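Worksheet for the structure shown next.
The values are calculated or read from the model by the stated rules, or taken from the named source; none is laboratory data. Please read these numbers as outputs of a predicted model, since none were measured by experiment. Note that each Cβ is placed from the backbone with ideal geometry, even for glycine, and that neighbours are counted across all protein chains shown. Ligands, DNA and RNA are stripped out before the accessible areas are found, and what is left, the full protein with its side chains, is counted by its heavy atoms. Shrake-Rupley method; radii C 1.70, N 1.55, O 1.52, S 1.80 Å.
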Amino acid sequence: MEFLSDIASLINSTLRISTPLVFAAMAGIFAERSGVIDFSLEGKMLMAAFVAAVGSYYLGNPWLGLLLAMLACVSLSMLHGFASVTHRGDQVVSCVAINILIIGLTTALAAAWFGQAGLTPTLTGDQRFLEINLPFAQALSDIPIIGIIYSDILSGHYIFVYLAYLSVPIVYWVVFKTSFGLRVRAVGENPSAVDTAGINVFAMRYKALAINGVLIAFAGAHLSTAVNANFFREMSAGRGYLALAAMIFGKWHPKTALIACLLFGFTDALQIRLQGVELPVVGEIPVQLIQAIPYILTVVLLAGFVGKAIAPNAIGQPYIKER
Amino acid sequence: MVSPILELTNINKSFGHVHANKDINLTINKGTIHGIIGENGAGKSTLMSIVFGLYQANSGEIKINGKETKLRSPKDSIVNGIGMVHQHFMLVENFTVLENIILGFEGETVFGAKLEKAKADLKKLCETYNFNIDLDATISDLSVGFRQRVEILKSLYRGAEILILDEPTGVLTPQEVDELFKILRSLKEEGKTIVLITHKLIEIMDLTSQVSVMRQGEMVGHTKTEETNKEKLAEMMVGRSVLLRVDKSEAKKGEVVFKVNDLSVKDDLDVIRVKNINLEIRSGEILGIAGVTGNGQTELLEALSGIRKVESGSIELFNKKISDKQNYLNPKMLKEKGLAHVPEDRQRMGLISDFKAYENLIFGYHDQEPFSKSSILKHKEIHEHSYKVMKEYDVRPNSPNLITSNFSGGNQQKIILSRELNENPKVLLVGQPTRGVDIGAIEFIHQRLIDMRDKGAAILLASVELDEVLSLSDRIIVMFDGKIVGEKDNKNVTDRELGLLMAGVTE
């Protein structure tokens, strides 16, 4: 039984740890499918975490914090669009600028407002999202298998965990089953074809970026108002880049990107679980090595196992109408 | 009763300092096929892009069916019944035919009933015009000819009454051209109006009833096709009389200087693209390679010029083996042995477009005297040389310090040619020498190649322009699917015969 509950808790943490990755990967899919590189997922996630924490603290409601985080992230996406869509700037440079800006901005603002460099006050009570216990979780917990799946794995997560996995089929549906999705994909493959079909290429890219901003806000809010009770310096800790890798690994497709996110989440959950554990033959593995597993995996997967990841054809290229 | 469907009055359009369209007037009658002819850069495509709403004119008036209309975007034009098939197809390659056609005209937010209706409507359209297109096929799986049909179908589905085709035959085999013309004629029968932009005189004579000629941004004349002929049109286009056939004497063939034995070559994706090719070229002759793009000509030329690895077989220069799978000479060594190469893709391989003309004029030879000494470039000599050859090759403007991308296509090609021919190579490999080059420059380039031949060079010429291969070559081989499917003497071959070979039909 202990083995089973170990597995259950591993899966449980995989779901939780993967959550921000899933939101970020879905956000990335919208931007990149429309032909705009989004290297700034990391910065936007950090911004969302900061704004959500501050918003919840002052307004006393985490939902309002989330709303503000969305506004902040959409603004950053628009900034990225203004630089790289309207003014045809280099998309990677624009993203790097955003990432650097946000690291400094969040630290500085936290210091100015709360007197602590890079820390926001701890959220208490209603200022924070709480874990949701699914109905009858307690009652069903003793039933074998079903009890473990329902009560130990599925129940007891923050709202964001459920929303993240719900977002995947929605993103899939929007991208592949609606005319909006068709246009987003077309504009990332061949913007000239979209232009000659009488659709405004620039407007399409801005719309996709706006959705990107909304989605990434969830990831940040999850970090600072759900799993943690405050914002701290660089708390996104590379998750934005990891999500980007997952999205590429998933070939810009929601379903496969989800699998990649879960894989990264799982290795992270595993490394936490393995810390300090004596393994047969090898003995205790140094913590540093264990912590490096997700990143080593990323490199290995991206370098070797993905095969040729075919990016949207027009990605990274600003659209020039007249030449 | 003829009634104008499209009238343009005093259209002007400038890009920066370039006045692409000057006071253009044009009337197109309903139910006709109207040709617009002119050299590259004459402003034909710009004019039609204005009609299609892609560009906005700086001044001027557009009337459709006698009513003044503002065309601010392609949407306005499509709504007003104008469709355009662009030179480079406006298709999303990894979408299906259906997805490409409904793009922008989905009619519903979530795909469902309207999609089914669109399918049914399209099937009917396909039957009417005998299109034979599978709506669920992915564009990347379709041949160029079919992609073009998808473009036409797309315009028709969107309600086009006026269909503009921009250089539609550039990428087609002669058979595909015939098919296209059949389609265009049947569209005309149905009462559609067709505007054909081309620089090929033969197409104008074949298909159109009216023709308008453009030169350097201006409309230089309108005429009924039956009242003119090729020579007259060419003169209007260029502004002086041109030779349509290259003037050349009988080839004085010498020794075999270049020989290819059982050569196979792979492309970047490890697919064999050249399959067991044998050929030999004698000094003083031009061997032409005809074929539709993508049948291995590119890989063959790259392997022969030392850019691409040989998979099997060997290459001989002056009876000495220079390359096989194990040993090969790089382009620099080949140059030293007297082999020069004018690459197919001048933007990608022939030139560095962001560099100045004089730099491109000496590339590959820059480490030789007189251009450099002890690894130091000698600018004075380079500039003197540049002025001299640019004058000799009539590169306009004659300014070696101008950035190369600011020259027109024809002048860029002359820059490459002057660089490669300057050393009097014994063997010359030429790919697509006149792609995107205007008539005046084509004439010049052709004459230079003939001069090289008469000086005793062995020339291998690969071109997708059948006319070019026919008028320059002494012998012609046809490549299809990586193999040589036929060899003909230039004296007794018709373009029909070659066309069949190019399509892979061997009797």
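Viscosity 1.002 mPa s, temperature 20 °C: give me the Stokes-Einstein translational D for the range B:256-502 in µm²/s, with Rh taken as the Kirkwood radius over C-alpha pairs. Rounded to a whole number, D works out at 116 µm²/s.
Extending 7 Å from the Cα toward the beta-carbon at both A:Ile310 and B:Tyr157 defines two label points whose distance is 2.0 nm. Counting only protein chain heavy atoms and rolling a 1.4 Å probe, the accessible areas of A:Ser40, B:Ser353 rank, largest first, as B:Ser353, A:Ser40. Close amide-amide hydrogen proximity is noted between B:Lys378 and B:Ser372, B:Lys373, each under 5 Å apart and 5 or more residues distant or on a separate chain (H modeled in the peptide plane; Pro and chain starts excluded).
For B:Glu116, the solvent-accessible surface with a 1.4 Å probe is about 110 Å², rounded to the nearest 10.
The Cα center of the range B:463-483 and the Cα center of the range B:233-306 differ in position by 6 Å. A cut-off of 5 Å between modelled amide H atoms, ignoring neighbours fewer than 5 places along the same chain, links B:Phe480 with B:Val485. The phi-based Karplus calculation (6.51 cos²θ - 1.76 cosθ + 1.60; θ = phi - 60°) puts the 3J(HN,Hα) values of the range A:263-270 at 5, 5, x, 5, 5, 5, 4, 5 Hz, whole numbers, x for Gly and Pro.
Rg and Dmax over the alpha-carbon atoms of the range B:4-238 stand at 17.7, 56 Å. Listed by chain and number, the aspartates and glutamates placed with their C-alpha closer than 13 angstrom to that of B:Lys224 are B:Asp206; residues fewer than eight positions away on the same chain are left out. Indicate, rounded to the nearest 5 percent, the antiparallel portion of the DSSP beta bridges found entirely in the protein assembly as shown. The antiparallel proportion sits near 60 percent.
Distance from the Cα centroid of the range B:23-80 to that of the range A:215-274 is 52 Å (rounded to whole angstrom).
The convex hull of the Cα atoms of the range B:70-206, projected and averaged over all directions, covers 8.8 nm². For chain A, the longest principal axis of the C-alpha atoms and the axis of helix A:201-222 are separated by about 20°. When A and B come together, around 2100 square angstrom of accessible surface is lost from both chains combined, probe 1.4 Å. Between B:Asp141 and B:Arg348, the simple spin-label model (points 7 angstrom out along Cα→Cβ) gives 2.5 nm. Selection among A:Asn99, A:Ala117, A:Ile199 by position relative to the dipole of chain A gives A:Ile199 as farthest towards the positive end (Cβ unit charges, Cα centre). Summing charges over all other residues whose Cβ lies under 11 Å from the Cβ of B:Pro331, with Lys and Arg as +1 and Asp and Glu as -1, gives +2. In the range B:88-119, the residues that give up 30 Å² or more of accessible area when the other protein chains are added, compared with the chain on its own (1.4 Å probe), are B:Met90, B:Val92, B:Asn94, B:Phe95, B:Glu99, B:Leu103, B:Gly104, B:Glu106, B:Thr109, B:Val110, B:Phe111. For the set B:Leu498, A:Leu258, the ranking by accessible area, highest first and with no ligand, DNA or RNA atoms included, is A:Leu258, B:Leu498 under a 1.4 Å probe. Relative intensity of chain A on a log10 scale, I(q)/I(0) at q = 0.13 Å⁻¹, equals -0.98, per a Debye sum over C-alpha point scatterers of equal strength in the absence of solvent. A Förster distance of 25 Å, applied to the separation of the beta-carbon atoms of B:Lys455 and B:His383, puts the FRET efficiency at 0.40. If you average the alpha carbon positions of the range A:130-182 and of the range B:177-229, how far apart do those two centres end up, in angstrom? The range A:130-182 and the range B:177-229 have Cα centres separated by 63 Å. Take the Cα radius of gyration of chain B and divide it by 2.2 N^0.38 Å, N being the number of residues; the result is 1.05. Scanning residues 5 or more positions from B:Arg215 or on other chains, those with amide H under 5 Å from its amide H are B:Val220, with H placed 1.01 Å from N in the peptide plane.
The mean of 1/r over all distinct Cα pairs in the protein assembly as shown, once inverted, gives the Kirkwood hydrodynamic radius of 31.0 Å.
Solvent-accessible surface of the range B:256-502, taken per residue with a 1.4 Å probe and all protein chains present: 42 Å². For chain B, the share of accessible area belonging to carbon and sulfur comes to 48 percent (1.4 Å probe, ligands and nucleic acids excluded). Excluding same-chain neighbours fewer than eight residues apart, the lysines reachable from B:Lys325 by a Cα-Cα span under 17 Å are B:Lys259, B:Lys266, B:Lys275, B:Lys309. If only the Cβ of Lys and Arg carry +1 and only the Cβ of Asp and Glu carry -1, the dipole of the range B:256-502 around its Cα centre is close to 580 debye. With the whole protein complex present, A:Val287 retains an accessible surface near 50 Å², based on a 1.4 Å probe.
Cross-link reach is defined here as a Cα-Cα straight distance under 17 Å, omitting same-chain residues fewer than 8 places apart; for B:Lys30 the aspartates and glutamates meeting it are B:Glu7, B:Glu68, B:Glu161, B:Glu189, B:Glu190. Please give the FRET efficiency for B:Asn424 paired with A:Ile296, using the beta carbon to beta carbon distance and R0 = 51 Å, rounded to the nearest 0.05. In this case the efficiency is close to 0.30.
What the phi angles of the range A:100-114 give under the Karplus curve with 6.51, -1.76 and 1.60, with θ = phi - 60°, is a coupling list of 5, 4, 6, 4, x, 4, 5, 4, 5, 5, 4, 5, 5, 7, 10 Hz, glycine and proline written as x. Using heavy atoms of the protein chains and a probe of 1.4 Å, the accessible area assigned to A:Leu166 is about 100 Å².
With a 1.4 Å probe rolled over the protein heavy atoms of all chains, the accessible area of B:Lys67, B:Lys378, A:Lys251 falls in the order B:Lys67, A:Lys251, B:Lys378, largest first.
Take each residue in A:177-186, count the other chain C-beta atoms within 10 Å of its C-beta, and the mean is 5.
In order along the range B:17-24, phi translates into HN-Hα couplings of 8, 8, 8, 6, 9, 10, 6, 7 Hz, rounded to whole numbers, per the Karplus curve 6.51 cos²θ - 1.76 cosθ + 1.60 with θ = phi - 60° and x for Gly and Pro.
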